[in-house]
Structures are given as C-alpha cells and as structure tokens.
1. Just to be sure I understand the filter: pairs with C-beta atoms under 8 Å, separated by 6 or more residues or on different chains, first member in region 33-48 and in contact (Cβ under 8 Å) with a residue 60 or more places away in the chain and closer than 13 Å to N133 by Cβ, second member of a type in the set (V, I, T) and buried (at least 24 other Cβ atoms within 10 Å of the Cβ). Which pairs pass?
2. Is one or more of the residues making up region 165-187 touching a residue at least 40 places away in the same chain (Cβ under 8 Å) and within 24 Å of I214 (Cα to Cα)?
3. For region 1-32, what are the residues that are crowded, with 24+ Cβ neighbours inside 10 Å and free of Cβ contacts under 8 Å to residues at least 24 places away in the same chain?
4. I'd like the residue in region 9-39 that is part of a helix (DSSP H, G or I) and of a type in the set (V, I, T) and, out of all such residues, is farthest from F114 (Cα to Cα).
5. Six or more apart or on different chains, Cβ atoms under 7 Å: show the pairs whose first residue is in region 108-136 and hydroxyl-bearing (S, T, Y) and whose second is part of a helix (DSSP H, G or I) and surrounded by 13 or more Cβ atoms within 10 Å (Cβ to Cβ).
Amino acid sequence: MGEALGQILPLAVGVAISPVPIIGVVLMLVTPRARVNGPAFVVGWVAGLALVGAVVLLASPDASDGGAPATWVSVTKLVIGIALVLVAARNWRGRPREGSAPPTPKWMGAIEGFTAPKALVAGVVLSAANPKNLLLSVAAAASIAQKAISGGAKAATYAMFAVLGTIGVAVPVAIYFALGDRAPAVLDRLRSWMARNNAVIMATLLLVIGVKLIGDGISGFAG
C-alpha cells in the first residue's frame, strides 16, 4: 500500500493544482450563497474523483503478472503520459502573451446564480470530466489496480488520492471560513495569481507528470 501511495502522490498533486477550478470556487466564495456553495463544490469534487476511481478499479482485471505490472497498466500509463505531454504543449502555446488578459471560461459568468445543487454538479464535472483530471485519476487508479493488495487496501489508497487531490479547491473554502472579513482580499490575490499563471502552471505540471508516466510505461514493458 505504501508503494502504491508513493506512485500516486505526484498524480494527486496534479489534480490538486487545478487553477481554473480553484478560480471557480474562489468566485463562488464572493457570492451571497458562499457558505453553502463552497462546501457543496468541494463535496462534488470528491464525488467526481471517487466515481472515476470506482469505475476503473471495478473494471480492472487482475493486474498482477508475476510481480511485474500487467501489460494493460503499462499501456494505459504510456498512452496517458503521451496525452498529458500533448496537453502541456497546447497549454504552453495558448498561454496569454505579456500584457494580455487571460481568457475566462464562459461558465464562470453564471456562478453568481449558482445554488448548492449546481455548485455540487460543477464540482463533479470539473473533477471527473475535466480531461486533465480524468487522465490523472485513471492513471492513479490503474497504478493502484496493479498492486498485489486487497480490495479494501486499493479503495483506501485511492481514497487518499482523492483527499490529496481535493486540497487545491478545499483551501479557498477553508480560508473563507477561517479568516472571515479578511478572506476576500486573500482570495482575490489567489484568484488573480492563478488566472495570470494558469497556462504556465499547467504546462509545466503536465509535462513533468506526462514524462513520468511515459517512463513508468516503458519500464513496465522492459520488466
């Protein structure tokens, strides 16, 4: 279980550092329904990650093959690694030029009118359906599936991945409740920094994780 946790830790960090969802939850926290929408978004985020993990773990065949990763696990890591490198390149090419404002996703314009159910659904969609998070979650579940541990241990390890992957969107909510009247200024600085550096953060992060997964996949074939 410890080995599995070590392998998924970089993937969890990749999920946690999600600038656009973090910006989204910060915007929710400056609306009149902040006290319910913020926590609802976090619950939806965890549920989305849990859904992806449950599907992959339940659908996974026996991934142990004489102590080496099963072929399908190595193939999965290699494919996801290549996909992440391509996404990283797209993010880098699409980064805002010096002095230009970063684009804002259209759905953020509707946040002011979100109710708790809409915030929850947004959390599910941004964690489970976002291509980057989906790829990382599938890679984490596949890494766990290949380990010769019990089903309960696999579920517990993936639960740790989901918790770690939620830190990024949970921190603004914690700031909101902990700092009270001082929270808006802190959250606005966080939102501005994330918006300015979104493309560079994601390109760097996805490149590093993508290369790691490609290496893991190649090592699996070699083993």
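Bear in mind these aren't lab numbers, they're just calculated from the coordinates by the rules spelled out. None of the values given here were measured: they were computed from a predicted structure. Here the Cβ is made from the backbone with ideal geometry for all residues, glycine too, and neighbour counts use every protein chain on show.
1. Filtered contacts from region 33-48: W45/V169.
2. yes
3. Matches in region 1-32: none.
4. First, the residues of region 9-39 that are part of a helix (DSSP H, G or I): 9-16, 19-28, 34-39.
Adding the requirement that they be of a type in the set (V, I, T) leaves 13, 15, 20, 22-23, 25-26, 36.
On the way: V13: 28, V15: 24, V20: 17, I22: 16, I23: 15, V25: 11, V26: 13, V36: 10 Å.
Looking at the filtered set, the residue picked out is V13.
5. Once the first residue is hydroxyl-bearing (S, T, Y) and sits in region 108-136, its partners that are part of a helix (DSSP H, G or I) and surrounded by 13 or more Cβ atoms within 10 Å (Cβ to Cβ) give S127/W45; S127/G48; S127/L49; S127/N133.
Matching residues to (1) crowded, with 20+ Cβ neighbours inside 10 Å; (2) out of contact with any Pro (no Cβ under 9 Å at 6 or more places or on another chain); (3) of a type in the set (S, T, N, Q):
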{"site": "S127", "(1), (2), (3)": "yes, no, yes"}
{"site": "A141", "(1), (2), (3)": "yes, yes, no"}
{"site": "I144", "(1), (2), (3)": "yes, yes, no"}
{"site": "L164", "(1), (2), (3)": "no, yes, no"}
{"site": "I175", "(1), (2), (3)": "no, yes, no"}
{"site": "M194", "(1), (2), (3)": "yes, no, no"}
{"site": "G215", "(1), (2), (3)": "no, yes, no"}
